[in-house]
């Protein structure tokens, strides 16, 4: 019997509404409370902590313990990372590619998982093997961006995309308003560097406030 993702999980519906998925690389744990407050205050109560630093698992643990955000793990490429993240409190997992053992682990734990898929064959394999209907599209700008996703929606009208890569404050609305897009992700939403830019997080808060105001 094939393992199937629970596509009725409430997280998918919430992301369809929030429309923004902050991709965050943690290098300084002391900044996390500021990042959390900025996201909560601006009505974006979600964060994808990327496994692009050694502090990813601890950052997930700290944010999950606080309980103010929906905390997920990003750039997950191994089963070990997925296990560490979920044990630390991650409630969703995002991968840049298709990693069967990560997908199957998430299915067992009823954790929403977003594998990367950019070709018809990759998308169909996720539908056939796991019943997955929401996929990460990365790097979006390299693989044709919105034009490519619109074309893929022809044969795959039942698929929604979570694009990242090349999305910024000037073009994100093109993505978030497109019917086939679940939400748009990226570091343009919030970064540790942006929070530290003025030492208070005010610049980062204003940046996100401006993004939200456009939606």
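Rule-based calculations on the coordinates, nothing more; no lab input. Since the model is a prediction, treat every value here as computed from it, not as a measurement. As a convention, Cβ positions derive from the backbone with ideal geometry for all residues, glycine included, and neighbour counts pool all protein chains shown.
Quick notes on this one:
- Degrees between helix 202-214 axis and first principal axis of the chain (Cα, 0 to 90, nearest 10): 40 degrees
- Highest mobility in the GNM of the chain, judged by mean-square fluctuation with C-alpha springs under 10 Å and restricted to 71, 31, 134, is found for 31.
- Each of (i) 25, 20, 18; (ii) 30, 21, 13; (iii) 26, 21, 14 is a candidate for semi-axes √(5λ) of the Cα gyration tensor in Å; the one calculated from this structure is (iii).
- Rounded to the nearest 10 degrees, the angle from helix 79-88 to the longest Cα principal axis of the chain is 50 degrees.
- Within the chain, helix-based [θ] at 222 nm, where runs of 4 or more DSSP H residues each add -39,500 (n - 2.57), nearest 500: -12000 deg cm²/dmol
- Computed extension gain for residue 9 through residue 128, at 0.36 nm per residue and net of the alpha carbon distance, reaches 41.0 nm.
- Where both bridge residues fall in the chain, DSSP classifies roughly 0% of the beta bridges as antiparallel.
- Spread of Cα-to-Cα distances over 10 Å intervals beginning at zero, given as percent, for the range 1-125: 13, 45, 33, 8, 1
- Cα long-axis angle, helix 56-66 against the chain (0 to 90 degrees, to the nearest 10): 70 degrees
- Sorted largest first, extent of the range 17-68 alpha carbons per principal axis (Å): 31, 18, 15
- Per residue, the convex hull volume that the Cα atoms of the range 158-215 enclose (Å³): 73 Å³
- P(r) tail fraction, the range 109-166 - alpha-carbon pairs more than 16 Å apart, %: 36 percent
- Each label point was placed 7 Å from the Cα along the Cα-to-Cβ direction; for residue 87 and residue 147 their separation is 4.6 nm.
- Here the relative contact order of the chain, from alpha carbon pairs under 8 Å that lie six or more residues apart, stands at 23 percent.
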